[in-house]
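The values are calculated or read from the model by the stated rules, or taken from the named source; none is laboratory data. Every value quoted in this text rests on a predicted model; they were computed, and no experiment measured them. Methodologically, a virtual Cβ is constructed for each residue, glycine included, from the backbone with ideal geometry; neighbour enumeration extends over all protein chains shown.
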Amino acid sequence: MLRWMSILVLSVALAHAADETLESKVAETDLNNADAVFELAAWCKSHNLPTKARSYYSQVIKIDKDHEGARAALGQVRVGNHWVAASLAPAGTTGGASGEKAPPPRVASGPGPKASEVVWDLTIPKDPAAANSFISKYVERMSTVDNDSHEMDVSVATCLADDYLPSAISRLCAALTRADFKDLYGAGSMVSELVRKGKIDQARPLLPFMVKASERITEPADLECFAYAIGLFKDRRAVPRLIELMDFGNDQVRSASTSAIAAITMLPDRDLTTAKANDWWALNHNVSERETYQAQLHSADAAIAVEAAKALYPYRDNSIVPVLIRCLRADDKQANLRASALIAKITGTDWNYDPSLPADQKAKIADRLDAFWKAEGSRFTWIEDRKAAPAGANTPPKDLDAEFVSQLDSREGDKAQQAEAGLMAHGDVAIPALIDGLGTNSSIVRRKCNDILRALTKQDFQFDPRGSDESRTKAIEAWKAWAQARTPGKPDAAAK
């Protein structure tokens with residue numbers, strides 16, 4: 001009995017000590033930061049507090065629903081756009097690997113809201129100079145003068161002036177609610193100019209008022225200008241109204257509305273029909289933009305897929321790269337061009353890709369990129385996310401291959417192995433940087449550059465990384481002469 005009581009007292013004491021330590025850990029943790037809470041959960045798990053650990057892992061997911069560490073700790077994997085228990089996932093699911101299969105297509109639950117059913121906030125913005133009536137005459141004149149008149153140009157220019165713009169926006173919003181105000185051309189022209197100047201937020205208050213006014217204004221030129229301007233906002237709530245205008249009895253209005261829907265939905269406008277636009281709206285009106293683009297990413301149409309990838313770029317979504325590689329192989333030069341531009345933005349090089357190359361050469365470049373991404377994608381840092389040079393630095397940024405060469409003797413983790421794999425994957429593109437690497441001060445870098453060059457080119461100019469300066473210089477000059485003389489597409493031409 002005494003022994004049992006001793007064990008009980010000891011257990012209570014240990015639990016109390018753990019609670020005290022946990023309290024101190026919680027006190028020093030930012031409970032609004034997903035990574036900080038994840039560390040707290042991991043600490044609980046390592047200190048034999050499984051219930052607390054699970055609770056904090058769940059809290060991490062409330063902060064960041066796609067936190068891979070917390071999801072994995074809870075035994076979940078990603079299937080398409082959703083996280084499920086690993087035991088319920090289809091065979092072969094990897095939780096987001098580059099080769100992940102496309103998720104099953106979503107199905108619309110029914111038609112989306114009609115234009116008249118879309119809710120807009122029609123609260124008129126505050127007028128900072130309500131007592132000053134000067135700008136009112138220019139706003140009101142838009143409704144009475146011709147669209148292509150000098151008076152319209154003056155009205156638009158005056159309303160856009162910095163001193164008058166806030167009041168002009170407020171009064172134009174109010175005017176657009178009135179049945180006797182018949183103009184959308186002036187408002188559309190103001191929106192286009194503000195967007196051109198990078199001031200879309202100043203134009204945004206006009207959006208709901210223009211959409212509602214378009215329901216009663218019938219002048220084709222005004223509706224055409226309205227459609228082009230509304231497309232610049234890329235606000236999906238305008239889609240139902242634009243769909244209605246796709247059937248308007250004027251070619252210019254129909255064309256402008258189709259282009260606006262294409263801009264908002266990321267669908268190609270070459271064969272965009274009212275039926276396709278309605279299908280898109282039914283499917284996507286009640287999901288996030290990211291979910292919409294992730295679904296379109298898996299489209300068989302390369303033009304749709306590459307635009308979805310472009311929209312997902314700001315999320316640093318690694319799943320876009322395999323899709324871009326597929327688009328490089330597609331028989332669509334516009335999609336090829338856009339995909340290669342985005343690949344260059346991600347990796348820092350265009351891989352010598354040209355949409356005009358024969359299909360087999362495009363496929364070889366895509367294969368090289370695919371091999372590189374499968375090896376490095378999970379740990380690759382996108383070019384824009386790398387540390388920028390210190391303010392005021394005049395040193396031009398290195399290209400990606402030069403960075404890889406400089407990392408060949410790194411002792412930091414597996415950075416050297418990553419750099420070697422990256423250079424091998426880049427193939428011919430990396431040759432100039434590798435030749436430059438033969439002249440560095442590091443014998444390790446010199447040796448690895450020579451080994452990679454020999455592997456890529458099947459050439460050997462007897463470079464000895466530990467040889468004399470004279471012998472190394474002679475071999476480097478031989479490499480440079482070979483590189484300069486070789487014929488594009490025939491790596492061994494100089495040797496012949």
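Here are a few things to note about the model shown:
- With respect to the stated conditions, Asp492 is of a type in the set (D, E, K, R), out of contact with any Leu (no Cβ under 9 Å at 6 or more places or on another chain), at pLDDT below 85 and within 30 Å of Ala363 (Cβ to Cβ).
- Leading residue by the ranking (nearest to Trp382 (Cα to Cα)) among those in the range 413-447 that are of a type in the set (Val, Ile, Thr) and in a helix (DSSP H, G or I): Val429
- Qualifying helices (runs of 4 or more DSSP H) (wholly inside the range 228-302; at least 3 residues being farther than 21 Å from Leu312 by Cα and in the same structural domain as Val119 (by TED's automatic domain parsing)): 239-245, 251-265, 274-284
- Taken together, Ser340, Ser319 contain a single residue that is among the polar types (S, T, N, Q), buried (at least 18 other Cβ atoms within 10 Å of the Cβ) and without any contact (Cβ under 8 Å) to a residue 40 or more places away in the chain, which is Ser340.
- Residues in the range 436-469 that are of a type outside the set (Lys, Arg), touching a residue at least 12 places away in the same chain (Cβ under 8 Å) and within 17 Å of Gln417 (Cα to Cα): 11 in all.
- Any hit, the range 288-296, residues being without any contact (Cβ under 8 Å) to a residue 24 or more places away in the chain and more than 29 Å from Asp332 (Cα to Cα): no
- Selection over the range 212-248 of residues that are in contact with an Asp or Glu (Cβ under 9 Å, 6 or more places away or on another chain) and closer than 23 Å to Arg171 by Cα gives a count of 7.
- Scan of the range 144-156 for residues that are in a helix (DSSP H, G or I) and either in contact with a strand residue (DSSP E or B) (Cβ under 6 Å, 6 or more places away or on another chain) or surrounded by 14 or more Cβ atoms within 10 Å (Cβ to Cβ) (or both), ordered by number: Met152, Asp153, Ser155, Val156
- Tabulated pairs, the range 121-141, first closer than 17 Å to Phe209 by Cβ, second of a type in the set (A, V, I, L, M, F, W, C) and loosely packed, with under 12 Cβ neighbours inside 10 Å, C-beta under 9 angstrom, 6+ apart or interchain: Ile135/Ala161
- Some residue of the range 284-299 being more than 22 Å from Pro113 (Cα to Cα) and basic (Lys, Arg): no
- Selection over the range 263-279 of residues that are in contact with a Lys or Arg (Cβ under 9 Å, 6 or more places away or on another chain) and on the phi < 0 side of the Ramachandran plot gives a count of 4.
Table: residues versus (1) touching a Cys at 6+ places or on another chain (Cβ under 7 Å); (2) outside any loop (DSSP other than H, G, I, E, B).
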| site | (1), (2) |
| --- | --- |
| Thr158 | no, yes |
| Cys173 | no, yes |
| Asp180 | no, no |
| Ala187 | no, yes |
| Met190 | yes, yes |
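- Residues being in contact (Cβ under 8 Å) with a residue 40 or more places away in the chain and either part of a loop (DSSP other than H, G, I, E, B) or surrounded by fewer than 17 Cβ atoms within 10 Å (Cβ to Cβ) (or both) - total across the range 343-361: 5
- Failed criterion for Ala425 (all others in (1) farther than 26 Å from Ala363 by Cα; (2) in contact (Cβ under 8 Å) with a residue 40 or more places away in the chain hold): (1)
- Residue match in the range 122-133 (condition: under 30 Å from Asp279 (Cβ atoms) and surrounded by 10 or more Cβ atoms within 10 Å (Cβ to Cβ)): yes
- Scope the range 311-332; condition outside any helix (DSSP H, G or I) and not basic (Lys, Arg); matching residues: Asp317, Asn318, Ser319, Ala330, Asp331, Asp332
- Criterion applied to Arg141, Arg204 was being surrounded by 17 or more Cβ atoms within 10 Å (Cβ to Cβ) and modelled with pLDDT of 95 or more, and the one residue passing it is Arg141.
- Extreme residue, nearest to the chain's Cα centre (by Cα), among residues of the range 218-229 that are of a type in the set (A, V, I, L, M, F, W, C) and crowded, with 18+ Cβ neighbours inside 10 Å: Ala229
- Tally, over the range 192-227, of residues that are among the β-branched types (Val, Ile, Thr) and either outside any helix (DSSP H, G or I) or not assigned by TED's automatic domain parsing to the domain that holds Ala115 (or both): 2
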